[in-house]
Every structure is written in structure tokens, then in C-alpha cells.
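The values are calculated or read from the model by the stated rules, or taken from the named source; none is laboratory data. Everything numeric in this text was worked out from a predicted model, so none of it was measured. Please note: Cβ atoms are built from the backbone with ideal geometry, for glycine as well, and neighbour counts cover all protein chains shown.
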Amino acid sequence: MSSVGVLVSDPWLQNQFTQVQLRTLRTKFTSAKRSDAEQVTIKDLPPVMEKLRGIQEVLTEEEITSFLSESYPDMDQSIEFEPFLREYLNLQEKGASKSGGKKKLKGSVSFLKASTTTLLHVINESEKTSYVNHINNFLGEDPFLKNFLPLDPASNDIFNLIGDGVLLCKLINVAVPGTIDERAINTKKEPNPWERNENHTLCLNSAKAIGCTVVNIGTQDLIEARPHLVLGLLSQIIKIQLLANLNLKNTPQLLELVAGDNSKEAEELVTLAPDKMLLKWMNFHIKKAGYKKTVTNFSTDVKIR
């Protein structure tokens, strides 16, 4: 067996699991494929996911099916391993929400463990550079942060600035204006540990409120500015910002996706989440160009090889 283990293209997603967990989940995922099928489909997942640790005690197969259908209206659609992992994390968070946060999910995925060589921390420098440039562009004139910006993409300044929690709170308000009352952010030049923790608690609660997956990130991770977790959270916040205006009102070109005057297709398009709408638009143009490839995610399916 290769010593590299199971690799996932998204560094944040990779670091939500140990190699033991990834191998187990890959086996479970593969087992979901029917003998007469070439790929795993969405409808194959509920019976398997119901038995996964961290879900089996909280969610029923019917609830899992209902949850998956929200993101995948076509249950016959194929799914790859990476999206499967994301749905697993989403289901864990949904299960935690259902139990009111009072019950710790048995065997739930937890990143905060003793240091171990089974975790692979990969920092993508090009991603870090793009996030830093985004922050410089959108927060460069912020009354507080302008004293620290612009950041140098080639340095680790981004991680030094994350430590007090102000930057992430400000970025969340850029993504979804008004999410955080900025009077609640501690903006002292040298905040004490309690104030830092307050900022990061505010950040994580707000990030979750706007749609980020923060089930395996704690305030201490952000205070210590653990690079893989910081970049993963930045990725989610920036994605939400960039997709916020992807709708028929602001992007009328999306009407291309509706065949003629098909009102049913138009209604379905309006209800799609922005990332699903973008995938639909992308596949529309791929098909229009004569390619048979279908893109199901923005990670492995669009990776340059």
C-alpha cells in the first residue's frame, strides 16, 4: 500500500479526517455502488450514510434522503468521493443541530487530537496568494485594518493578522453585509486573551450563520492561526461573497439555461443554490461546446492535470 494514503484535492477537507477515517470512508463510499452501475449515485448513499459513525444515532435514512435531495434534486446523479465527504460533514452538523448541541455525536470526526503523522497538512501557496489579494482589495480601506494592509502574499502576514479575530469578522461582513454588528468586535491594538476568544467565537457563530461549515474548527485553532484551517475558512467565506450575486436578477445571462418558455425549468433554476446554479451554467456551456464531460464539483472535476 502506498505511504501517501488517501489524498483529497481540497486541503481544508483533507484535514477534517485522519488517514484511517479517510480509508474507512472510501471503503464505505465504494460499497455504495450497485453491482450493475459504473458510479455511485446520490440515491445509493442514504443506506450507507445512515450507518456512519456520528450520524447513525441521530438521523434516519429518510431524513438523510430529504437532506441530500435539497442539494441534489436528481437522485440518479452520480457523485464522487470528495462531495461525499462534504455531505458527510454537513450531515454531522445537521445531526448536531437536531440534537440541540447537547449530545456529542459518538465517533464524530474531530480534528483536534494529539499531533499525529496520519494528518497531511498541505498549504497551497497560490490559494493563499489569491485570498490575500482578495483581502487587500476588499478591506484595504477599512478604518481599523488599513493600519495593517496591504498584506504581502509571499509572507505569512495573513496568519499573524488572523490571531485577534478582527480580520475574519470584517471579511464575513464583506461577504454578507450586516451579519455582525461591528460594535461587538474588539478592535484594541493588543486585545487580551479573553477579547481574542470573544472575537473568534463571534466569527465562528457568524460564519456558520452565513453557510460555512465550521463543525471541526474551534476558537483556539483561529487564535493559533493554524494555516490549513484558516485557509479553509477563508475559502468558504470568500466563496459565499463571490456567489452572493449569482441570480437571475443580477445575471440575466443565466436564462440561457431555460429551454424556451419552460416555466418549470425557470422555477427550478430560481430555487437552486448559487454554487449549483454555477455548475449548471458550466455544464450547459461544456455541452454546448461539444464535450461529454459533466462537472459535479469545482475541485477534482476542474483540476488541471
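Look through region 212-235, keep the residues that are among the polar types (S, T, N, Q) and not in a helix (DSSP H, G or I), and return whichever of them is nearest to the chain's Cα centre (by Cα). Lay out the reasoning, then the answer.
Step one: list which residues in region 212-235 are among the polar types (S, T, N, Q), which gives 213, 216, 219-220, 235.
Among the residues that remain, those that are also not in a helix (DSSP H, G or I) are: 213, 216.
Details: THR213: 6, ASN216: 12 Å.
Applying the filter and picking the extreme gives THR213.
Only one of (1) loosely packed, with under 14 Cβ neighbours inside 10 Å; (2) in contact with a Pro (Cβ under 9 Å, 6 or more places away or on another chain); (3) small (Gly, Ala, Ser) is not met by ALA37, so which one is it?
(2)
Within the bounds of region 87-105, is there any residue that is more than 30 Å from VAL58 (Cα to Cα) and either in contact with a Gly (Cβ under 9 Å, 6 or more places away or on another chain) or modelled with pLDDT under 80 (or both)?
So the first thing to find is which residues in region 87-105 are more than 30 Å from VAL58 (Cα to Cα), and the list is none.
For region 87-105, residues more than 30 Å from VAL58 (Cα to Cα) and either in contact with a Gly (Cβ under 9 Å, 6 or more places away or on another chain) or modelled with pLDDT under 80 (or both): absent.
ASP261 versus (1) assigned to a loop (DSSP other than H, G, I, E, B); (2) of a type outside the set (Val, Ile, Thr); (3) modelled with pLDDT under 80; (4) surrounded by 18 or more Cβ atoms within 10 Å (Cβ to Cβ): which is the lone unmet condition?
Condition (4) is where ASP261 drops out.
Among what's in region 11-59 and is outside any loop (DSSP other than H, G, I, E, B) and of a type in the set (Lys, Arg), pick the residue that is nearest to the chain's Cα centre (by Cα).
Keep residues of region 11-59 that are outside any loop (DSSP other than H, G, I, E, B), which gives 11-14, 19-31, 41-49.
Filter once more, keeping what is of a type in the set (Lys, Arg): 23, 26, 28, 43.
Values: ARG23: 21, ARG26: 19, LYS28: 22, LYS43: 22 Å.
The extreme case among them is ARG26.
Okay, residues lined up against (1) within 15 Å of ASP142 (Cα to Cα); (2) in contact (Cβ under 8 Å) with a residue 60 or more places away in the chain; (3) hydrophobic (A, V, I, L, M, F, W, C):
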position	(1), (2), (3)
LEU161	yes, no, yes
ILE172	yes, yes, yes
ARG183	yes, no, no
ASP221	no, yes, no
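When region 206-223 is examined, which residues are found to be polar (S, T, N, Q) and crowded, with 20+ Cβ neighbours inside 10 Å? If you could, list the steps in order and put the result at the bottom.
Going residue by residue through region 206-223, those that are polar (S, T, N, Q) are 206, 213, 216, 219-220.
Those that are polar (S, T, N, Q) and crowded, with 20+ Cβ neighbours inside 10 Å: SER206, ASN216.
So which residues in region 11-68 are aromatic (Phe, Trp, Tyr) and within 18 Å of VAL215 (Cβ to Cβ), if there are any at all? Before the answer, list the steps.
Within region 11-68, the subset aromatic (Phe, Trp, Tyr) is 12, 17, 29, 67.
Result: TRP12, PHE17, PHE67.
Mind telling me which of the residues ASN160, ASN173 ends up being surrounded by fewer than 18 Cβ atoms within 10 Å (Cβ to Cβ) and part of a helix (DSSP H, G or I)? Break it down stepwise before answering.
Details: ASN173 fails: surrounded by fewer than 18 Cβ atoms within 10 Å (Cβ to Cβ).
The conditions single out ASN160.
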